[in-house]
1. Within the stretch A:8-49, how many residues turn out to be exposed (fewer than 11 other Cβ atoms within 10 Å of the Cβ) and at pLDDT 80 or above?
2. Of everything in the stretch A:33-74, what is within 11 Å of chain B (Cβ to nearest Cβ), touching a Leu at 6+ places or on another chain (Cβ under 9 Å) and closer than 29 Å to A:LEU256 by Cα? Give them in sequence order.
3. Mind telling me which of the residues B:SER289, B:SER285 ends up being polar (S, T, N, Q), surrounded by fewer than 17 Cβ atoms within 10 Å (Cβ to Cβ) and at pLDDT 85 or above?
4. Within the stretch B:251-266, which residues are of a type in the set (S, T, N, Q) and buried (at least 17 other Cβ atoms within 10 Å of the Cβ)?
5. Being assigned to a helix (DSSP H, G or I), closer than 17 Å to A:VAL64 by Cβ and of a type in the set (A, V, I, L, M, F, W, C) is the filter here, so list the residues in the stretch A:196-227 that pass it.
6. Can you name every residue in the stretch B:210-225 that is surrounded by 19 or more Cβ atoms within 10 Å (Cβ to Cβ) and in contact with a Gly (Cβ under 8 Å, 6 or more places away or on another chain)?
7. Which of the residues spanning the stretch B:73-107 are within 15 Å of A:GLU8 (Cβ to Cβ) and either of a type in the set (D, E, K, R) or more than 13 Å from chain A (Cβ to nearest Cβ) (or both)?
8. Can you find a residue in the stretch B:110-130 that is more than 21 Å from B:ASP254 (Cα to Cα) and assigned to a helix (DSSP H, G or I)?
Amino acid sequence: MSQRLIIEPNKSILNLNLKEVWNYRELLWTLTYRDLRIKYAQTAIGFTWAFINPVITILILSFVFGTVAKVGTGNSEIPHLLYTTAGMCGWTYFSSLLSQAGNSIIGAQGMVKKIYFPRLIIPLSKALTAFIDLLVVLFCIALLMLYYQILPASSLIYLPFFLGVAVISGLAGGIWMSALTVRYRDFVQITPLLLRVGMYATPIAFPASAVPEKYQLLFYLNPMAGVVEGVRWSILGGDPPSSYIYVSFAIILLFLIFGVFYFNNVQRKMADIL
Amino acid sequence: MNDLLIQKKVIQNTTDDNLAIRVEHVSKKYELGMLASGTLYHTIWNTLDRLRGRNKRSAQEDNEFWALKDINFEIKRGEVIGIIGRNGAGKSTLLKVLSRITEPSSGRITINGRIASLLEVGTGFHPELSGRENIFLNGSILGMTRQEIKSKFDEIVDFSGVEKFLDTPVKRYSSGMYVRLAFAVAAHLEPEILIIDEVLSVGDAEFQKKCIGKMEGVAKSGRTVLFVSHNMGAVKTLTSKSILLSEGKLIDYDKTNIIINKYLTSFAGNQSSMFSPLPKNRKGSQAASFKDIFITNGANERIHSIISGIKVEIHFIINNNTKSTLEQCSIGFGLFSLENNMLFALKNDVIGKYFDVRPGENEFVVTLEKWPTSGGVLKYNVILNKGLETLDWIQECGTIDVDTGDFYGTGKVPAGNSQIVLVEQKWH
């Protein structure tokens, strides 16, 4: 006999139905493909845009912190430009996903109001699209290392782990923001503000050790601080990051778990709210 | 407790084999105020108020709106069921709950088999993408696998008739081409249960015919179909049984003929009124005046809306306010579209007939063997003359709701929204 489906009001907030998300994976690929096509296909210089944004940001940060403010990198052999790019590597996925995910469900409301599918597919498709930005920064790092003739540190074997944490933090933030923006439109304004503050509160263009000791715990409460430090350490080596990064990781994990539950709670009313 | 569970299971197993959908005690509540003003500010204040012990409960209950109230029904495999009701009766909410777009507030629905809904064709179409890309995009949004779309691709393109423009972005399509392509994708879904809402109201006449043909095919292929439409003709030809909804409640579930008749004769509170003249729109000496105007069907039952092609009698109740009989009177009835285009007029003097209006109440009736308009809301003026003198003249006297129906008795529904007047025709 064919499949049976029972529709009931979802009383238990613990019922996440993640298996269903997996069953809809083809839709996830299709939406990701659509996003990429639309983002780059219609512009005059196409895929080049994927480079312009991060490159400009890195140049500005490196100029302000490295050239003007003369913030050290903790290692004189590493040029500030490379240092900043490596720092950007941990931040870019998070920031790209957050800015796309916020409006993602409102943007797809035509679909949400007309067709059933696990709504989590929408922020997840943005999470796949955002990988492009991560790859672009990784590519920039490789280019710079070739140019400066610097070999990756032996800690490179930790890179997949720290990139994994970067992806998870992006996912956590993206899921939270997409659900919150549906519930409260205020987050359309809050998200860019949060990202702007976050970019300076995170040690992208300066080392975390430059922050005074009494602010360290507070500093690492920003989960992205640990992520950025970790990613940069695994690429460039140097002193291993402070043990405070575990605070960051614990916060990220909690954010992801609560984010998925919160999203699930909002998803049930999504079609009514939009 | 355990026994109860087992018992329930046994009952389900014996009946479920030929059951497609079972709906038990389903209700859906909307909280109007809460959802509309979903701002951070309100949530914070409400939470603070609750913490301080101020109870806002009663204010919230005022804003509750039950779109569905305790709905129960069962649909067997292969049945094609119509859902009928006036605007706001809960039809769309019921379909939304069945297709899982929104969750019921209480109750339980069991669905056996793969379900797909067509609440609007072209959902997820992206204007920048080509026709080819949109077929894949839309197909997978509707729940088809890539493999399925591939195997049906040629058929879909063929049905839509846009093969020449497959690689053109759909934003360059005419609206007709757009709809044809969108419907073509949807029509090639092969779920066991299909939910359709008003999709037939799109496209040109030619294409609508094609769609209805396809729907009939679907209906005959043994699939279960739930069909919502204001097009009574389509409901009548496509469905065997129907559900009548009114104000969120299931009024009846029976053979479509019976349900349509019930729909016509029932009056819903939110319906516009047939006789509602405004004093400022009224002119004339008022020596005699219209007291009421209503419609009956062929069986002399009072009806509150009309289906094209049915027999209609319009009753004019006229009060003679003088003490003497007014001779040689005539009644005029002019029907207009909402855009103020006159459709036709009925007048007894043009066919050489006059009435005498006696003191007190009089009733005059005009019979139309086949109501000659397609679906929509229409308005009318009436006038009462005695010779050249105007006794009562009411502009915008009220509105008449018409649903599109099988005017020609062929099962083919007159298509196109631009066609309002239907004319009998004989071809040789």
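1. 3
2. Passing the criteria: A:TYR33, A:ARG34, A:ASP35, A:ARG37, A:ILE38.
3. Result of the check over B:SER289, B:SER285: B:SER285.
4. B:THR256, B:ASN261, B:SER266
5. Answer for the stretch A:196-227, where residues must be assigned to a helix (DSSP H, G or I), closer than 17 Å to A:VAL64 by Cβ and of a type in the set (A, V, I, L, M, F, W, C): A:VAL197, A:MET199, A:ALA201, A:ALA210.
6. Of everything in the stretch B:210-225, those that are surrounded by 19 or more Cβ atoms within 10 Å (Cβ to Cβ) and in contact with a Gly (Cβ under 8 Å, 6 or more places away or on another chain) turn out to be B:CYS211, B:ARG223, B:THR224.
7. B:ARG100, B:GLU103
8. Looking through the stretch B:110-130, none of the residues is more than 21 Å from B:ASP254 (Cα to Cα) and assigned to a helix (DSSP H, G or I).
The values are calculated or read from the model by the stated rules, or taken from the named source; none is laboratory data. Predicted model, so just to flag it, every value in this text is computed and none were measured. Here Cβ is always computed from backbone atoms with ideal geometry, including for glycine, and neighbour counts include all displayed protein chains.
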